[in-house]
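First comes the structure, then the notes that go with it.
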Amino acid sequence: MLKEEDYFAHHVTEPFRFGERRRERGFWRAFLESFAYLPPFNRMFGKVSPSYAESYWYCMGGLTFFSFLLLLVTGLILTFFGPTWWSGTHAGIVMKSMHYWSAQAFFFFLFLHIIRVWLTGAYRGKRWVNYAIGFVTFFLSLGENLFGLLARGDWESQFVSMHSDDMLFTAPFLRLISPENFTSALIIHVALIPFVLVVLIGVHVTLVKLQGIARPL
Amino acid sequence: MVKGQSNTSETRFSIVTHCFWRYPIVGLFVVAVVMVLGFAVGSPDWPQATIKKVSAMQPGGAIWAVAQELDGTSASYTNTHEYGMSDPAKRLVIDPLKSASWALSPNEQIALHQFLAANISQQTKWAMNYDKAIQKTVGTNGMGGGGMGTTPVPSMTKIESLTGNFGPVPVMAQSILKLAQNGYLETYFQGISPSNVYQYTNIWLYDQPYLLNTAIQNGLTDDQWGMIKERGFFVGPWYLIVPAIAHVELPGGSTGLGFIFWNGLIALFFVVLFPLVPGFRSIPKYLRLYKLVYAVNPVEVENYKANVPSSGVTQDAAKI
């Protein structure tokens, strides 16, 4: 019989011996798996998990996080080179496009992640706190998306900045923000919201690691 | 590798070695897709509208906007709370004209002085008369944003033939049009701002019928589900679908406060009611759609059906 302690035993790190693993599963799987045991990832991934969670549906949160890393990398490059580069040179336009598609990937995987959490009732009990943190992160990333659009510097930026300023940014508190002010929108997009997002996602991932995979329904 | 296995209904699963080997492959695949799309498909990038181009294309719109800025009915009066804006008449008409007095003809300078010498009610009256006269030429009361129909742009021939108690306003409007068309106005707005602040330029442009009309013609205003669309590109922010529904379909959702209210209510449902309230929180359990999500381990299914003690059965998640 599986006891509760055994269930939570999957949070314990498993030892990894390359030779042994290679004999078990062949070279390529052993090679690919070895990444999980590298120092930065060693404490991040559960090396064993309940069998029902071995479906791609359980990878969606991880892929959302991965897309976020792509957004950070492409976003940092765009930040260093600046608006003239990203809207005026071929390399810049490609990098901006990769940033755009990384955002599409981020929300695509995020939606699938939310659907997985709903269908498996993974918000039950103490996990609700992390569920709520996840949703706050989601809402904030929608705001991040809006300010990214405003900071692009094209026709859509001009129109949406004024259209949103006359609708959303006339509300109390929000009226303090000037969306049609390019510099302000850019700072909010590249510094303010990402900083909060990094903190929230860090807490979210840490809690997932600490609480483990939710029990099956 | 089996760490433990159960055949009871609550815990019919085993602890298996996680199939981490798939992660680097899936990660590389995502990077490859993002790179290919970035190179081959690109991203939305429609050229910016400029004051010079817009005023050359629709001079009648620029003249009308001046009248509305001076009588206090322009769209920019929604933006008076912006830092540095306060009064659109001063910021978008009077100050640019004063700054460019060296470029104005004696006639235009006299008009500006005549306007400044008059009291506020006289100034507003002149501008209001001119605004109404222009409105008559197009048969509508003009801009302000939000409506589904486009705003007709008054023709210059009709504007130039208007007569009435307009004071110096028509001459001032022609001066602004000249400064807009020769590029001075754009440079002036940038010159009085710290670098890369396009605030006054954007506010000025939104007073013209051009920007909103173009958006309406392309189906891009919020009422036309513009929140999830991009100009000239097939994929937009589709993930804003829930706020877009709140904006288009729900009563009052097109106002700022209504939009925040509905979105707040939807957020409250998903964050608090759905996961915590008894009944709601059990919906996934009764829907049983989790069956589509969970990995099915054939060995475990067999064990469960046969109710055979499963100790000793070895399996590998990587093979599932």
- In order through region B:77-94: 3J(HN,Hα) via Karplus (6.51 cos²θ - 1.76 cosθ + 1.60), integer Hz, x for Gly, Pro: 6, 6, 9, 5, 7, 5, 4, x, 7, 6, 10, x, 4, 6, 6, 9, 10, 5
- Message: Under 25 °C and 0.890 mPa s, how fast does region A:121-174 diffuse according to Stokes-Einstein, given a Kirkwood radius computed over C-alpha pairs? Answer in µm²/s, whole number.
- Response: 186
- Message: Can you list the DSSP H helices in chain B whose Cα atoms extend at least 20 Å along the helix axis and whose mean Kyte-Doolittle hydropathy is 1.6 or higher?
- Response: B:22-40
- Specify the residue with the greatest mean-square fluctuation among A:V190, A:V129, A:V117, computed from a Gaussian network of chain A linking alpha-carbon atoms under 10 Å apart. A:V129
- Under a Gaussian network model of chain A whose springs join Cα atoms within less than 10 Å, the largest fluctuation of A:L69, A:L149, A:L119 belongs to A:L119
- Taking a label point 7 Å from the Cα of B:F274 along Cα-to-Cβ, the residues of region A:194-217 whose backbone nitrogen sits under 19 Å from it are A:214-215, A:217
- When only Cα pairs under 8 Å and 6 or more residues apart are kept, what is the percent relative contact order across chain B? 24
- The rounded separation in angstrom of the Cα centers of region B:219-251 and region B:14-73 is 14
- Give the long-range amide H neighbours of B:S14: residues separated by 5 or more places, or on another chain, with amide H under 5 Å away, using H modelled in the peptide plane at 1.01 Å from N. A:S51, A:Y52
- Item | Isotropic mean projected area of the C-alpha convex hull, region A:56-211 (nm²) | 10.1
- Dipole magnitude of chain A, debye to nearest 20 (Cβ charges: Lys/Arg +1, Asp/Glu -1, about Cα centre): 860
- Estimated Rh, chain B: Kirkwood, alpha-carbon pairs, angstrom: 25.3
- Estimated FRET transfer efficiency (B:M35, B:N119; beta-carbon r; R0 60 Å; 0.05): 0.40
- Message: Treating only the Cβ of Lys, Arg, Asp and Glu as charged (+1, +1, -1, -1), what charge dipole size does region A:79-205 show about its Cα centre? Round to the nearest 20 debye.
- Response: 680
- Message: Through the Karplus equation 6.51 cos²θ - 1.76 cosθ + 1.60, θ set to phi - 60°, convert the phi angles of region A:121-130 into ³J(HN,Hα) values in whole Hz; use x for Gly and Pro.
- Response: x, 7, 9, 6, x, 5, 5, 4, 4, 6
- Query: Say a site is exposed when it is one of the trypsin sites (Lys or Arg not before Pro), sits in a DSSP loop, and has at most 14 other Cβ atoms within 10 Å; what is then the longest site-free stretch of chain A?
  - Reply: A:44-217
- Message: Quick check: from the Cα gyration tensor, does region B:51-217 come out rounded (a/c under 1.5), prolate or oblate?
- Response: rounded
- Item | Principal-axis tilt of helix A:155-167 within chain A, Cα atoms, nearest 10 degrees | 90
- Message: Over 36 Å apart: what share of the alpha carbon pairs of the protein assembly as shown falls there, rounded to a whole percent?
- Response: 47
- So, in Å, what gap is there between the alpha-carbon centers of region B:88-116 and region A:70-142? 49
- Query: If you build the Cα gyration tensor of region B:66-111 and take the root of 5 times each eigenvalue, what three semi-axes come out, in whole angstrom, biggest first?
  - Reply: 23, 12, 6
- Cross-link pairs B:K125/B:K229; B:K52/B:K229; B:K52/B:K90 - those with Cα-Cα distance over 32 Å: B:K125/B:K229
- Message: Please list the three semi-axes, largest first and in whole Å, of the ellipsoid equivalent to region B:144-268, using sqrt of 5 times the eigenvalues of its alpha carbon gyration tensor.
- Response: 35, 19, 15
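Each reported figure results from applying straightforward, stated rules to the coordinates on display, with no laboratory input. Quick caveat, the model's predicted, so the values are computed rather than measured. Neighbour counts are summed over all protein chains in view; Cβ atoms, including those assigned to glycine, are modelled from backbone coordinates with ideal geometry.
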